[in-house]
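Remarks on the structure that follows.
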Amino acid sequence: MSGADAGAPGLRVTVSDVAAAAGVSRATATRALKGEGRFAPETQERILAEAERLGYVRNTMAAELAAGRTGTVGLMLRDASNPAYGLLFSRLQDEAHRRGLDLVTVTIGADVQGAEQVNALHRLLGMRVAGLIVATGGITAAQLEPFADQVPIVRAGRVETAERIHTAHYDDPEHGRMLASHVLSLGHRRVVVLSGAEDVSFAEHLRASAMQSTLVAGGASVTLVAAGAAPTDGVDEALDAVRDGATAVMCASDYRQLAVMRALRSAGLSVPGDVSVTGCDGILPGADLLGLTTLRIPVEAVAAAAVETMQLLLTSGSDAAETVRQPFVGTLAPGSTAAAI
């Protein structure tokens, strides 16, 4: 007896297999499985029962292509183990489901010069997705723009300058200005700014550049440390500046903030008694309990706008649409790791 006859799920069960088992035409089985058409209740139940018995799984993308519909979107995401990206992924999924779009997702970890991300985009296009949502800052505009020849692209999170790439992004320069203004209001005039280098994290680079310019404009002297991707990178240089008299360390992410706080404690220095420390993202679980001085990025608003923009592009046609640029500003969380001097 065959596996299908025995009721074992098959990996390549087709609509024709379901139709034959239910004793109906392929067209009837197709409509029943899609929830379309009118059938006697017993016919509908028989078709669905046979589909379940055989282990039939509908190929959503193939069905959409055959019907001329475009409802499957590729999503490329930075490592979802990072809470900021994990929350963004969750909100993008929720919003896509609410709007009737299906997401096919690939996640990327460390990637030198964006090569893996380019390959991932090629894989998504090979799945015949109708559009791309790119939620990673590690791929450049030059690498991303050629894909806009084939499908509409929306960046979620990072600002973009390429003309044909749409964005729903965090206003990272404004976030840097908000945090720097807070540190200045506390009286700090010797400050370390610690961030990933531009080719490591463009978002951190934008935040740090805005922090530096705002601090200098406010009369502060700034030690800028552009570091690698690991949260501990650059921490030793930051502590050297503290020993030389800096009273605050501004970090371009909460992960870097925690790394600095650990190092300060190991060095016998208290936060904020000896040194004030700030971060940015505000997504880490327990950030409020730790009292982190940070900025909470507007993940929910960015996710909603990114999916809404993609749906608009798929509905109206990307060629006819003007480039969408939507910046979103987060909320300062004063916390208790930065104090007045």
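Only the coordinates and a few stated rules stand behind these numbers; no lab work does. All of these numbers come straight from a predicted model, not from anything done at the bench. Cβ coordinates were reconstructed from backbone atoms using ideal geometry, including for glycine residues, and neighbour counts include every protein chain displayed.
Take 75-83, 176-184, 26-34 and order them by the average number of nearby Cβ atoms within 10 Å per residue, most first; the result is 176-184, 75-83, 26-34. Taking amide H as placed 1.01 Å from N in the peptide plane, the amide H of residue 333 sits under 5 Å from that of 294, 295, 296, each at least 5 places away or on another chain. Take the Cα radius of gyration of the chain and divide it by 2.2 N^0.38 Å, N being the number of residues; the result is 1.26.
In the chain, taking the dipole from charged Cβ atoms about the Cα centre, the farthest positive-side position among 329, 28, 179 is held by 28.
Kirkwood hydrodynamic radius computed over region 133-225 comes to 14.3 Å, based on all pairs of distinct alpha carbons. Loop-resident GluC sites (Glu not before Pro) (DSSP state other than H, G, I, E or B) in region 237-341 with no more than 14 further Cβ atoms inside 10 Å of their Cβ: 322.
Calculated FRET efficiency, residue 142 to residue 42, Cβ-Cβ distance, R0 = 56 Å: about 0.40 to the nearest 0.05. Close amide H partners of residue 155, meaning residues 5 or more places away or on another chain with modelled amide H under 5 Å apart, are 134, 166, 167, 168. At full extension, residue 115 and residue 312 could sit 68.0 nm farther apart than now, given 0.36 nm per residue minus the alpha carbon distance.
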